[in-house]
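Here is the structure we will look at.
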2 protein chains.
Amino acid sequence: MAPSSATRPARERLLTAAGELFYESGIAATGVDAVLARAGVSPATMYAHFAGKDGLVAAYLEERHTTWRQTWDAVLAGYRDPVDRLLSVFDAVGRFRQQQGNRRGCAFLAAATELPPGHPGQRWLEADSRLLTGRLHELAVAAALPDPADVAATLLLCYDGALSGYARAATTPGLPGDDPVGRARRLAAGWIATRTG
Amino acid sequence: MAPSSATRPARERLLTAAGELFYESGIAATGVDAVLARAGVSPATMYAHFAGKDGLVAAYLEERHTTWRQTWDAVLAGYRDPVDRLLSVFDAVGRFRQQQGNRRGCAFLAAATELPPGHPGQRWLEADSRLLTGRLHELAVAAALPDPADVAATLLLCYDGALSGYARAATTPGLPGDDPVGRARRLAAGWIATRTG
DNA sequence: GTCTATACAGCGATAGAC
DNA sequence: GTCTATCGCTGTATAGAC
């Protein structure tokens with residue numbers, strides 16, 4: 001089992017705390033103090049591990065990107081049918097949300113609003129967009145669909161729409177339209193069906 | 001024509017400056033000083049018109065909500081066909097972006113990430129979601145489509161996906177998939193066609 | 001590597017005059 | 001209504017000891 005919170009290294013505790021607070025409350029609105037308090041780490045220790053708050057933010061986004069890619073990898077490995085593989089992005093995001101206990105929308109799109117142009121975390125926002133479009137494009141080619149770039153862009157649109165649905169639900173409870181990911185998957189599957197026929 | 005920047009009242013200049021800076025650089029990352037400098041207004045004047053930064057943020061979101069609704073109203077008035085009226089949300093968002101010179105995604109979804117739970121601006125985030133779902137639901141009923149709630153949720157998903165596309169493009173230039181709103185409109189139109197047949 | 005204590009800056013907000 | 005000047009807090013980052 002996982003080591004107790006007291007024995008885990010400070011760096012890991014910091015990343016866990018940062019992941020929860022940055023995702024839940026926003027990056028700019030979350031002070032370093034709050035991360036330190038939740039991690040049970042002193043300021044000096046944090047600055048020994050990360051290049052300031054910006055470095056911590058970048059490390060948070062990198063870890064999230066890596067975990068998301070691994071989750072998608074694992075889901076993808078379970079599918080052989082080319083269309084199932086294309087639609088696996090929706091199954092993966094469902095599993096990812098369950099694993100992480102996520103309540104809000106896409107952490108990378110949220111960070112895109114908050115980070116200034118030269119921020120070191122920008123790299124991972126680009127990595128997220130390129131992973132999604134690149135892999136969806138490959139899977140569209142493997143499925144022998146016409147215009148794979150259009151397929152990738154349309155599926156990305158469904159993916160973003162689904163995650164935005166969670167962001168709306170978080171601020172406006174009681175909004176109609178549950179299960180955004182399921183709805184996005186059905187929408188994408190129906191659209192693909194019109195292109196394979 | 002519009003009065004020169006020097007003669008416009010301080011309140012209007014503040015709202016214009018706030019709209020540009022909050023939307024472009026994020027709410028939490030934008031200091032009151034920056035808004036004051038751009039508007040050419042002194043601190044005391046701002047606090048005479050708004051209840052602090054929170055009040056200014058709420059006024060910014062309210063004005064944006066009103067302008068967006070008016071833009072949609074104007075576009076909607078030009079359509080008679082029920083399906084065109086349903087799809088008018090995409091034409092309206094295209095026009096709104098052109099009017100405002102917007103570069104990023106949805107201001108309300110972005111604010112949803114940044115504002116803390118009790119913030120006075122939260123009201124306008126809810127208003128945005130309810131305007132979209134409520135009106136789309138009405139238009140689906142008017143179009144005599146089955147399961148209007150599902151129609152509204154699916155079109156909202158396309159709408160959010162389109163705006164997220166702009167957010168991605170703003171951070172990752174050179175990303176494939178131009179014209180997210182056009183793509184969303186085609187996707188939605190095709191989906192509706194499968195339900196009317 | 002990790003802590004306590006502190007320096008320093010930026011920002012939100014106010015006082016008081018005109 | 002609007003200005004100049006300034007207060008006080010919050011938050012980032014560092015110094016120095018253990």
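Taking trypsin sites (Lys or Arg not before Pro) in DSSP loop states with no more than 13 other Cβ atoms inside 10 Å as exposed sites, chain A has its longest site-free stretch at A:104-197.
A simple spin-label model places the labels of A:Ala37 and B:Tyr79 4.9 nm from each other, with each point 7 Å out along Cα-to-Cβ.
Peptide A:162-169 has a mean shielding of 6, counted as Cβ atoms of other protein chains within 10 Å of each residue's Cβ.
Across identical copies of the chain, B:Asp73 has label-point separations of 5.4 nm, listed in ascending order, with the point defined 7 angstrom from Cα along Cα→Cβ. Per residue of A:147-159, other chain Cβ atoms within 10 Å of the residue Cβ number 4 on average. Mind telling me which of A:Thr171, A:Thr30, A:Thr133 comes out most flexible in a GNM of chain A, alpha-carbon contacts under 10 Å? Of A:Thr171, A:Thr30, A:Thr133, the most mobile in the Gaussian network model is A:Thr171.
Helical content alone sets the calculated 222 nm signal of the protein assembly as shown at -24500 deg cm²/dmol, taking -39,500 (n - 2.57) per DSSP H segment of four or more residues and averaging over every residue. Against the empirical curve 2.2 N^0.38 Å, the C-alpha radius of gyration of the protein assembly as shown lands at a ratio of 1.03. Remark: C-alpha extents of region A:84-197 on the principal axes read 41, 38, 22 Å, sorted largest to smallest. Each copy carries A:Arg38; placing its label point 7 Å along the C-beta direction from Cα gives inter-copy distances of 2.9 nm, listed from smallest up. Across the copies of the chain, A:Gln99 has label points (7 Å from Cα along Cα→Cβ) spaced 4.4 nm apart, shortest distance listed first.
Result for chain A in a Gaussian network model with C-alpha springs under 10 Å: among A:Asp150, A:Asp160, A:Asp91, the largest mean-square fluctuation is at A:Asp150.
Note on A:110-120: average number of Cβ atoms from other chains within 10 Å of each residue's Cβ is 5. Over chain A, Cα pairs under 8 Å with separation of 6+ residues give a relative contact order of 20 percent.
Of all the options A:Gly121, A:Gly52, A:Gly177, the one that moves most in a Gaussian network model of chain A with Cα springs shorter than 10 angstrom is A:Gly177.
If you take all C-alpha pairs in chain B, what percent of them are over 28 Å apart? That tail contains 33 percent of the Cα-Cα pairs. The distance linking region A:10-81 with region A:157-197 is 27 Å (Cα centroid to Cα centroid, whole angstrom).
Couplings for region A:29-40, taken from phi via the Karplus curve 6.51 cos²θ - 1.76 cosθ + 1.60 with θ = phi - 60°, read 7, 8, x, 4, 4, 5, 5, 4, 5, 5, 7, x Hz in order; Gly and Pro are left as x. If R0 is 51 Å, the Cβ-Cβ spacing of A:Ala51 and B:His119 corresponds to a FRET efficiency of close to 0.95.
Here, each number is a calculation from the coordinates, and none is a lab measurement. Remember, it's a predicted structure, so these values are computed and weren't measured experimentally. No Cβ is skipped: glycine too gets one built from the backbone with ideal geometry, and neighbour counts run over all protein chains shown.
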